[in-house]
Amino acid sequence: MPANFPEVWSSRVIQLLTTQNVAPWLDGIPELDTEVIEVGSGSAGETNIIHLPVETFQPEVLLNNSTYPIAVQEFTDTNVIISLDKYQTKATSLSDDQIMGASYARIDSATRGHVIQINSTKYKKAIHAQAPAANTTKTPVIKMVFAGTETGPEKANILYEAMVALKGKFDSQEVPVEGRRLVLSTDHENILLLDRNRFGNRLSDMNSGKVAPKIAGFEIFSYVANPKYAVAGTKNAFGAVGVPATDLVASVAFHKENVAKKTGLTKQYFSKSADAPTTQTNLLNYRHYFIAMPAKNEMIGAII
């Protein structure tokens with residue numbers, strides 16, 4: 001077994017956590033340009049935090065000004081501290097025979113489950129965070145009403161009208177047009193794909209099975225693990241079972257400039273086989289920090 005086995009595997013997992021299984025609806029959204037601060041390293045309360053400046057400064061715009069000198073406004077902003085979410089995997093046992101050579105093929109085979117599960121969980125948490133807690137003026141939640149007897153095209157029309165209604169809510173808040181994104185739940189995506197007669201390729205590409213890249217001013221994405229809402233219109237807590245018979249899955253809208261996204265530290269924990277003479281196995285698991293959430297409680301919305 002190579003002497004640098006733990007370091008090689010740790011570097012590979014860090015690479016895969018940032019390059020594989022990335023949620024497309026987060027593509028193009030840059031990481032926050034702020035330092036990750038590790039607090040309480042090695043303790044039970046260990047965490048990664050960032051300082052996020054929240055701008056409140058909105059200078060007055062002068063139209064056809066003829067008065068000089070121009071008046072001065074003092075710059076003010078606030079600074080909030082955000083704790084990154086912590087993701088940990090259970091330990092995997094690996095015999096010395098399994099890890100000899102430590103080639104990338106062997107590393108990827110042994111660590112794939114860790115990478116997939118961490119990424120899956122963190123992106124589920126990220127899309128849940130982007131969804132509004134409930135309907136407000138700045139965080140609209142549009143509720144569709146189905147009688148249960150609608151045909152596929154009729155359902156698609158109701159969904160399309162909800163998308164236009166959500167667009168109107170964003171318009172009224174003057175959310176910038178460029179950068180609006182709508183992450184369809186797979187249920188809602190399938191409704192659009194069934195509307196072949198009236199909308200056709202204007203809303204969906206029948207060859208690829210994907211919806212059009214832009215509908216009602218939103219860049220369109222889809223995701224299999226969108227959050228759910230109670231019938232009353234309040235978002236279920238992350239990981240909560242809710243009431244499966246009546247809960248409503250959501251399509252989530254947001255503006256990409258309002259996403260606070262940051263990857264923190266990734267740590268590998270490794271126990272050598274030399275410390276387990278009867279089993280001669282190594283133990284390996286990972287801890288990863290990440291956050292993706294609205295910078296402000298605005299420019300987000302949902303269709304349920």
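Taking (1) surrounded by 13 or more Cβ atoms within 10 Å (Cβ to Cβ); (2) part of a loop (DSSP other than H, G, I, E, B); (3) at pLDDT below 95 in turn, Lys90 satisfies each apart from (1). Looking only at residues in region 178-225 that are assigned to a loop (DSSP other than H, G, I, E, B) and among the acidic types (Asp, Glu), the one that is modelled with the lowest pLDDT is Asp195.
Return yes or no: is Thr139 closer than 25 Å to Ala23 by Cβ, assigned to a loop (DSSP other than H, G, I, E, B) and of a type in the set (Ser, Thr, Tyr)? Criteria met by Thr139.
What pairs come up if the first residue lies in region 145-161 and is exposed (fewer than 13 other Cβ atoms within 10 Å of the Cβ) and among the β-branched types (Val, Ile, Thr), the second is part of a helix (DSSP H, G or I) and at pLDDT 90 or above, and their beta carbons are under 8 Å apart, counting only those six or more places apart or on different chains? Pairs found: Val145/Ile158.
Checking each residue in region 281-290 for being open to solvent by less than 10 Å² (accessible area, probe 1.4 Å) and hydrophobic (A, V, I, L, M, F, W, C) picks out Leu284, Phe290. Has region 235-245 got at least one residue that is surrounded by 19 or more Cβ atoms within 10 Å (Cβ to Cβ), touching a Lys or Arg at 6+ places or on another chain (Cβ under 9 Å) and over 22 Å from Lys296 (Cβ atoms)? No; the residues of region 235-245 include none that is surrounded by 19 or more Cβ atoms within 10 Å (Cβ to Cβ), touching a Lys or Arg at 6+ places or on another chain (Cβ under 9 Å) and over 22 Å from Lys296 (Cβ atoms).
Would you confirm whether any residue within region 28-48 is modelled with pLDDT under 65 and part of a loop (DSSP other than H, G, I, E, B)? No. Step by step: first the residues of region 237-248, then only those that are of a type outside the set (Ser, Thr, Tyr), assigned to a loop (DSSP other than H, G, I, E, B) and more than 16 Å from the chain's Cα centre (by Cα), then the one that is nearest to Asp27 (Cα to Cα). Which residue is that? My answer is Ala240.
Only a single criterion out of (1) at pLDDT below 95; (2) open to solvent by 60 Å² or more (accessible area, probe 1.4 Å); (3) touching a Leu at 6+ places or on another chain (Cβ under 9 Å) is not satisfied by Lys228, namely (1).
Quick one: in region 249-261, of everything that is surrounded by fewer than 20 Cβ atoms within 10 Å (Cβ to Cβ) and assigned to a strand (DSSP E or B), which residue is modelled with the lowest pLDDT? Step by step, filter region 249-261, then rank; the result is Lys261. Output the number of the condition that Ile304 fails; it satisfies all remaining conditions of (1) open to solvent by 20 Å² or more (accessible area, probe 1.4 Å); (2) in contact with a Gly (Cβ under 8 Å, 6 or more places away or on another chain); (3) aliphatic (A, V, I, L, M). Here Ile304 meets the rest and fails (1).
Within region 221-244, is even one residue touching an Asp or Glu at 6+ places or on another chain (Cβ under 6 Å) and under 30 Å from Thr111 (Cβ atoms)?
Among the residues of region 221-244, at least one is touching an Asp or Glu at 6+ places or on another chain (Cβ under 6 Å) and under 30 Å from Thr111 (Cβ atoms), which makes the answer yes.
The values are calculated or read from the model by the stated rules, or taken from the named source; none is laboratory data. Please read these numbers as outputs of a predicted model, since none were measured by experiment. Heads up, the Cβs are rebuilt from the backbone with ideal geometry, glycines too, and the neighbour counts pull from every protein chain shown. Quick note on the areas: whole protein, heavy atoms, side chains included, nothing else; ligands and nucleic acids left out. Shrake-Rupley method; radii C 1.70, N 1.55, O 1.52, S 1.80 Å.
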